[in-house]
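The values are calculated or read from the model by the stated rules, or taken from the named source; none is laboratory data. Please read these numbers as outputs of a predicted model, since none were measured by experiment. All Cβ positions, even for glycine, are placed from backbone atoms using ideal geometry, and neighbour counts span all protein chains on display. Each accessible area value is taken on the protein alone, full model and side chains, heavy atoms only, with ligands, DNA and RNA left out. Shrake-Rupley method; radii C 1.70, N 1.55, O 1.52, S 1.80 Å.
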Amino acid sequence: MKFETLCLHADGNKKDEWGTLTQAVCQSSTFVHKGVGVPSEYSYSRLSNPTRAHLENTVAALEGGVAAYAFSTGMAAIATVMKLFGAGSHIIASEDLYGGSLRLFNNVNSHDGMTFDFTDTGDLKKVESLIKPCTKALYIETPSNPLMMVSDISALSALAKRYGLLLIVDNTFLTPYFQRPIELGADIVVHSGTKYLGGHNDALAGFAVVNSEELAERIGYLYKTVGACLAPWECFLIERGIKTLPLRMDRINSNAEQIAGWLRGRNEVVKVYYVGFEDHAGYEISKKQSTGFGGMISVEVESKELAERILKDVKVFQYAESLGGVESLITYPMLQTHADVPKEERERRGINDRFLRLSVGIENISDLIEDLKQVFDK
Ligand SMILES: *Cc1c(COP(=O)(O)O)cnc(C)c1O
């Protein structure tokens, strides 16, 4: 089956006894045994649940993985994956990362005796120079958040294999519709399902997808033990979102391309960070490994005053944290996602008080551009 069809029929249209078309929400914490020592297919919903198993099967199929695990949030998925590594393990990660992942690595995992190096994972030589005997994994986001830096997944996979490291890719920004890291050699894909997969700004979720039975067993064990599982109703919402993922992503991709071009044409704009520009440093790699550029754009405007005016005066875009939903959002990374990053480090990387991040939604493109225009022209 092709991707769009898998979003709807990854279960091969197996039906329950009522012939339910939509996977039923199985709101039960436990399952009655069939006899002494004869458990049902399911026993307890922390371990597994039919609604969740259905969603996990869909996500594993979309990412081309051996198994997927649905977590309560993206951070729960990432934190559980990090439990694969113990004290003394060293991880090399992209320097431009989701703020929550940075916080987890620097302030939680580091207390457990893990060490991290952050670098431009688009630069293979830099990555290789940081590998030590205790290095266990490469952890990347591509494109990255919020600077839209691109890393070459196949090249990093080759490097990881050479040194016996796991390659973990956060695929939240592009989703498997545009990019399938496991097919490019990644070992584990993580997601904030809260974003594009769910897609409606109404539910939190996370995923870890693995490329081998061995990893499935190790993550499966951590999953049932740590217990950050996704509740049945949320599973239903995320699965419903996934049904329209390709339609939403196509619209978002085209809206974002037009907004990025419009922003770039404005005198008040200093720089637009958008992977779909032919002169973007990661454009060629992006064309090779992804089939779309996604809906994320960052922009540096000429003044803090204008940045604040945009946040205050937009009417269609909403000033709110998060991304990947049908509604277009704008965030101020300096005060929100990257508030925990030390100021000098943040500014060195260009995340200053003139820097905004846009998550383009599925509204009509003229309304979105008109919305920005009325602020810029004021
Ligand atoms: C939001 C996000 C996360 C964390 O996901 P939650 O569902 O909010 O816990 C991780 N990675 C990226 C790239 C994100 O955008």
**Prompt:** Is it true that some residue in segment 215-226 is among the basic types (Lys, Arg), outside the structural domain of Ser359 (by TED's automatic domain parsing) and away from the ligand (no atom under 15 Å from the Cβ)?
**Reply:** yes
**Prompt:** What do you reckon, is Val299 part of a strand (DSSP E or B), over 25 Å from Arg103 (Cβ atoms) and touching a strand residue (DSSP E or B) at 6+ places or on another chain (Cβ under 8 Å)?
**Reply:** no
**Request:** Within segment 35-46, identify whether any single residue is in contact (Cβ under 8 Å) with a residue 40 or more places away in the chain, over 24 Å from the mean Cα position of the chain (by Cα), assigned by TED's automatic domain parsing to the domain that holds Cys134 and assigned to a loop (DSSP other than H, G, I, E, B), and answer yes or no.
**Result:** yes
**Request:** Could you tell me whether Ala256 is open to solvent by less than 50 Å² (accessible area, probe 1.4 Å), within 30 Å of Leu8 (Cα to Cα) and of a type outside the set (Ser, Thr, Tyr)?
**Result:** yes
**Item:** Output for segment 259-272, where each listed residue is in contact with a strand residue (DSSP E or B) (Cβ under 6 Å, 6 or more places away or on another chain), open to solvent by 30 Å² or more (accessible area, probe 1.4 Å) and in contact (Cβ under 8 Å) with a residue 40 or more places away in the chain
**Value:** Glu268, Val270, Lys271
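Would you check if Ser110 is assigned to a loop (DSSP other than H, G, I, E, B) and either out of contact with any helix residue (DSSP H, G or I) (no Cβ under 7 Å at 6 or more places or on another chain) or assigned by TED's automatic domain parsing to the domain that holds Ser298 (or both)? Break it down stepwise before answering.
Working: assigned to a loop (DSSP other than H, G, I, E, B): no; either out of contact with any helix residue (DSSP H, G or I) (no Cβ under 7 Å at 6 or more places or on another chain) or assigned by TED's automatic domain parsing to the domain that holds Ser298 (or both): yes.
Considered against the rule, which asks whether it is assigned to a loop (DSSP other than H, G, I, E, B) and either out of contact with any helix residue (DSSP H, G or I) (no Cβ under 7 Å at 6 or more places or on another chain) or assigned by TED's automatic domain parsing to the domain that holds Ser298 (or both), Ser110 comes out as no.
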**Message:** Return the residues of segment 323-338 that are open to solvent by 10 Å² or more (accessible area, probe 1.4 Å) and at pLDDT below 95; say none if nothing qualifies.
**Reply:** Met334, Leu335, Gln336, Thr337
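Listed residues Met114, Met148; which is surrounded by 17 or more Cβ atoms within 10 Å (Cβ to Cβ) and on the phi > 0 side of the Ramachandran plot?
Working: Met114 fails: on the phi > 0 side of the Ramachandran plot.
Testing whether each residue is surrounded by 17 or more Cβ atoms within 10 Å (Cβ to Cβ) and on the phi > 0 side of the Ramachandran plot leaves just Met148.
Quick one: how many residues across segment 166-196 are assigned to a loop (DSSP other than H, G, I, E, B), of a type in the set (A, V, I, L, M, F, W, C) and either open to solvent by 10 Å² or more (accessible area, probe 1.4 Å) or within 12 Å of the ligand (Cβ to nearest atom) (or both)? Write out each step before concluding.
From segment 166-196, those assigned to a loop (DSSP other than H, G, I, E, B) are 171-174, 179-180, 185-187, 193-196; that's our starting set.
Next cut, of a type in the set (A, V, I, L, M, F, W, C) only: 173-174, 186.
Next, only the ones that are either open to solvent by 10 Å² or more (accessible area, probe 1.4 Å) or within 12 Å of the ligand (Cβ to nearest atom) (or both) stay: 173-174.
So the count comes out to 2.
Can you tell me which of Ile78, Ile91 is of a type in the set (Val, Ile, Thr), within 16 Å of the ligand (Cβ to nearest atom) and not in a helix (DSSP H, G or I)?
Working: Ile78 fails: not in a helix (DSSP H, G or I).
Step by step, each of Ile78, Ile91 is checked, and only Ile91 is of a type in the set (Val, Ile, Thr), within 16 Å of the ligand (Cβ to nearest atom) and not in a helix (DSSP H, G or I).
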**Message:** Step by step: first the residues of segment 199-212, then only those that are in contact with a strand residue (DSSP E or B) (Cβ under 9 Å, 6 or more places away or on another chain) and closer than 22 Å to Thr244 by Cβ, then the one that is farthest from the ligand (Cβ to nearest atom). Which residue is that?
**Reply:** Val209
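Answer with yes or no whether Leu55 is touching a helix residue (DSSP H, G or I) at 6+ places or on another chain (Cβ under 8 Å) and farther than 18 Å from Ser157 by Cβ.
Details: touching a helix residue (DSSP H, G or I) at 6+ places or on another chain (Cβ under 8 Å): yes; farther than 18 Å from Ser157 by Cβ: yes.
Spelling it out, Leu55 is indeed touching a helix residue (DSSP H, G or I) at 6+ places or on another chain (Cβ under 8 Å) and farther than 18 Å from Ser157 by Cβ.
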**Request:** Go through Phe293, Phe236 for me and flag whichever is under 21 Å from the mean Cα position of the chain (by Cα), closer than 30 Å to His54 by Cβ and outside any strand (DSSP E or B).
**Result:** Phe236
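Taking segment 302-330 as the region of interest, how many residues are assigned to a loop (DSSP other than H, G, I, E, B), away from the ligand (no atom under 15 Å from the Cβ) and either without any contact (Cβ under 8 Å) to a residue 40 or more places away in the chain or in contact with a Ser or Thr (Cβ under 7 Å, 6 or more places away or on another chain) (or both)?
From segment 302-330, those assigned to a loop (DSSP other than H, G, I, E, B) are 302-303, 314-317, 320-328; that's our starting set.
Of the ones still in play, those that are also away from the ligand (no atom under 15 Å from the Cβ) are 302-303, 314-317, 326-328.
From what is left, the residues that are either without any contact (Cβ under 8 Å) to a residue 40 or more places away in the chain or in contact with a Ser or Thr (Cβ under 7 Å, 6 or more places away or on another chain) (or both) are 316-317, 328.
So the count comes out to 3.
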